[in-house]
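The values are calculated or read from the model by the stated rules, or taken from the named source; none is laboratory data. Quick caveat: nothing in here was measured; it's all calculated off a predicted structure. Heads up, the Cβs are rebuilt from the backbone with ideal geometry, glycines too, and the neighbour counts pull from every protein chain shown. These area figures cover heavy atoms from the full protein model, side chains too; ligands, DNA and RNA do not enter into them. Shrake-Rupley method; radii C 1.70, N 1.55, O 1.52, S 1.80 Å.
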Amino acid sequence: MATVLFYLLGLVTVIATLLAITRRNPVHAVIYLVNSFFALALLFYLLGAPLVAAWEVIIYAGAIMVLFLFIIMMLELAPTPEADRMGPTWWQWLPVLLLALALVGCTLMLIGVDAGVAQGVPRWYATPRDFGFALFGKYALAVEVVSFQLLFAAVGAFYVGKPERKRRQKKEEGA
Amino acid sequence: MENLAQIAMESVNFQAIMPSLVLCCFGMVLLLVSVFLERGRTAPICWLSIIGLVVTGIISINGWNDPQAGFAGGVVLDNFATFFNLTCLIAAGLTILMSDSYLHREGYPVAEYYPLILFTTAGAMWMASGTDLMTIFLGLEVLSVSLYVLAGFFRGQLRSNEAGLKYFFLGAFSTGFMLYGVALLYGVTGTTKVAGIAEAIRLMPDASSNPMIIAGAILLSIGFLFKIGAAPFHMWTPDVYQGAPTPITAFMSAGPKAAAFAAFMRVTYISLDSLQVDMSAMFWVLAVLTMTIGNFVAIAQKDVKRMLAFSSISHAGYALVGMVAWNEVGFSGILFYMLVYTFMNIGAFAVLVLIGKQGEDNLTLDGMAGLGYKRPFLGVAMAIFLFSLMGLPPTAGFTGKFFIFAGALKAGYVWLAILGVLNSAVSLYYYLRVMVYMYFRDPVEDFSWVKMEMATIVSILIAIAGVLYLGVLPGPVMELAKLSIF
């Protein structure tokens, strides 16, 4: 059962990722990528890592995908209103529908599987408590370094992203 | 609750990250101070950041011979890390000294520039002192992200934008390779600790034929090789070095490269010690490839900044020879060479900073014609740095190459040493050509725009002193380099 699920989910991941990198419409690509992340999350659950599975959904399928959509909106990469009014055709709907159905089916099948046991690891290999201690004990420095990095990544992004209107105006006045 | 107290007792040792901690605090304070200064006034920030570097340097030197491990074995501040820390601090200091007038000339007097250099240096320190692949990776990220911004700092200039974007894309890509390597090694050995990986590999009977370990080691190496700009991962170097602001180019070619070598050496020498035969063979090919490509392509360059970019590739190749040797002489040779390279390369770029015009700092060879007579001091300084880059005595370039090739010879790599010396001979051509233009061509320009900025001159003088001192009396520093090998 677990083996069947593994290959099924692996197949969904590969197909969804392939579709994601071949779509011309960036929003469609993002939808396929979300599918792929969900399949990955279920795979992690199957391997006895429910915590990682939850993060895969929360961080990747949730936060990072929203970031993708924001950037698509900001760069105005989405199709023009004319193309949008037509709406996606049924053959554009079909693959994502099938993949999503496969994922739902796999999730239902997971109820009957004792996750992780097939791989010989306990069901909760790392509890949130263990994880917290590892993160803020063993890897405390890493957490601090990451927070530092976020600070000056923000400083850098702010500097690079600031529009340069004043300078251009000055130049034009000079010329 | 008692668990928490226990963890805090065991793992936290601020002594082990003191230099980078001080540097980061300085960086943050400078960010705050810059808010209260009027726009375009960067001189106080510049001098405060120099003070920060000096304070950090003193703290680093105080930690000599007093190794401190901390954060559950995530970092260790040993002599090896201290040597590289000081090299990076010198690189950052020389860079900042030549930056202020340059930023004003180019019309970007922005205070964020200095804190970003301090953060880059802190990242370099984490790389040099990391004993956990996690710390090394995060150090690399801190260093890279700040450098992406610095490379594209002249955001109104297309060249600078291109440099920043190219560096960012390729850098992120190579970081992915490195992380993949870390994941594979973690998958086999179950640890990210540098020493733990060594232990696990040693206990494995068929380590050198285990595909996961081989793939992990290669992918990890790719990440480092990209940062040091070794062939065949050197493609980004010329464009980024040419497009970035000149002081940043100087810094990039010295400080971060030294840090990448530090982490690379620690990981290969400790973690992958059991794979020495295979790794040495790989480095042999890479070293020859890097030296040759760098030198031969540099010959074709008409632009001095771009030529120095290619020459920096070939110098990464010379340093890789020390990695091939895999012995004490070779490794301490790399430490010594990185220090030497910091002085001579940043010095050469400082001269370029002074003789560049606003908006066009990419000097062509023709543009340098007659510099030696019109501006005697700059001519002589450039000549000294070029002699050092060639590797001629009595400059530091000679002693640096001598130690590295001696390491290769000691390990029995006679052909590698011969190829290295032949490559140095090739490099004579394009370095000497600059000298020919400086002294034997009639001046096209009168260099009337050149302002002898005090801070930049100080930076050049320090670099000259370093080049000559390490060239004439290499003994004491070489001893320190030997003491630094773990």
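Of the set (1) under 21 Å from residue B:287 (Cβ atoms); (2) open to solvent by less than 60 Å² (accessible area, probe 1.4 Å), all apply to residue B:414 but (2).
Scanning region B:91-112 turns up one or more residues that are acidic (Asp, Glu), farther than 25 Å from residue B:461 by Cα, within 14 Å of another protein chain (Cβ to nearest Cβ) and in contact with a Phe, Trp or Tyr (Cβ under 8 Å, 6 or more places away or on another chain).
Name the single residue, out of those in region A:143-157 being facing another protein chain (nearest Cβ under 7 Å) and open to solvent by 20 Å² or more (accessible area, probe 1.4 Å), that is farthest from residue B:153 (Cα to Cα).
The qualifying residue farthest from residue B:153 (Cα to Cα) is A:146.
Residue count for region B:10-49, restricted to those that are more than 11 Å from every other protein chain (Cβ to nearest Cβ), among the aliphatic types (A, V, I, L, M) and open to solvent by 30 Å² or more (accessible area, probe 1.4 Å): 8.
For region B:455-474, the criterion of being among the aromatic types (Phe, Trp, Tyr) and open to solvent by less than 40 Å² (accessible area, probe 1.4 Å) is met by none of the residues.
Here residue B:87 fulfils each of the conditions (1) in contact with a Leu (Cβ under 9 Å, 6 or more places away or on another chain); (2) within 11 Å of chain A (Cβ to nearest Cβ); (3) more than 30 Å from residue B:199 (Cα to Cα) apart from (2).
Scanning region B:135-167 for residues that are part of a helix (DSSP H, G or I), open to solvent by 10 Å² or more (accessible area, probe 1.4 Å) and of a type in the set (S, T, N, Q) gives B:135, B:161. Taken over region B:92-105, the residue count meeting the criterion of being within 30 Å of residue B:486 (Cα to Cα) and open to solvent by less than 10 Å² (accessible area, probe 1.4 Å) is 3. Might you check whether a residue that is small (Gly, Ala, Ser) and open to solvent by 50 Å² or more (accessible area, probe 1.4 Å) occurs anywhere in region B:316-325? Within region B:316-325 (the criterion being small (Gly, Ala, Ser) and open to solvent by 50 Å² or more (accessible area, probe 1.4 Å)), the answer is no, since none of the residues qualifies. From the list B:336, B:385, B:377, the one residue that fits, being open to solvent by 10 Å² or more (accessible area, probe 1.4 Å) and either β-branched (Val, Ile, Thr) or part of a helix (DSSP H, G or I) (or both), is B:377.
Which one of A:94, A:40 is outside any loop (DSSP other than H, G, I, E, B), modelled with pLDDT of 90 or more, out of contact with any strand residue (DSSP E or B) (no Cβ under 8 Å at 6 or more places or on another chain) and of a type in the set (A, V, I, L, M)?
A:40
Tell me, please, whether a residue that is facing another protein chain (nearest Cβ under 9 Å) and in contact with a helix residue (DSSP H, G or I) (Cβ under 7 Å, 6 or more places away or on another chain) can be found in region B:58-67. No.
Against the numbered list (1) surrounded by 17 or more Cβ atoms within 10 Å (Cβ to Cβ); (2) more than 27 Å from residue A:126 (Cβ to Cβ), residue A:21 comes up short only at (1). When A:15, A:71, A:31 are checked against the criterion of being free of Cβ contacts under 8 Å to residues at least 24 places away in the same chain and within 16 Å of the chain's Cα centre (by Cα), A:71 stands alone in meeting it. Of the numbered criteria (1) surrounded by 14 or more Cβ atoms within 10 Å (Cβ to Cβ); (2) under 10 Å from the mean Cα position of the chain (by Cα); (3) not charged (D, E, K, R), the one residue A:52 fails is (2). Evaluating residue A:89 against the criteria (1) at pLDDT 80 or above; (2) under 29 Å from residue A:30 (Cα atoms) leaves one unmet condition, (1). For first residues located in region B:376-387 and over 10 Å from residue B:348 (Cα atoms), partners that are of a type in the set (A, V, I, L, M, F, W, C) and open to solvent by 10 Å² or more (accessible area, probe 1.4 Å) and lie 6+ apart or on another chain with Cβ distances below 6 Å do not occur. Looking only at region B:289-303, which residues are in contact (Cβ under 8 Å) with a residue 60 or more places away in the chain, open to solvent by 30 Å² or more (accessible area, probe 1.4 Å) and under 15 Å from residue B:229 (Cα atoms)? Listed by number, the residues that qualify are B:292, B:293.
Set side by side, the residues B:437, B:429 differ, and just one is over 21 Å from residue B:335 (Cα atoms), out of contact with any Phe, Trp or Tyr (no Cβ under 9 Å at 6 or more places or on another chain) and open to solvent by 60 Å² or more (accessible area, probe 1.4 Å), which is B:429. Only one entry of B:89, B:53, B:77 meets the criterion of being open to solvent by less than 30 Å² (accessible area, probe 1.4 Å), in contact with an Asp or Glu (Cβ under 9 Å, 6 or more places away or on another chain) and under 17 Å from residue B:123 (Cβ atoms), and that entry is B:77.
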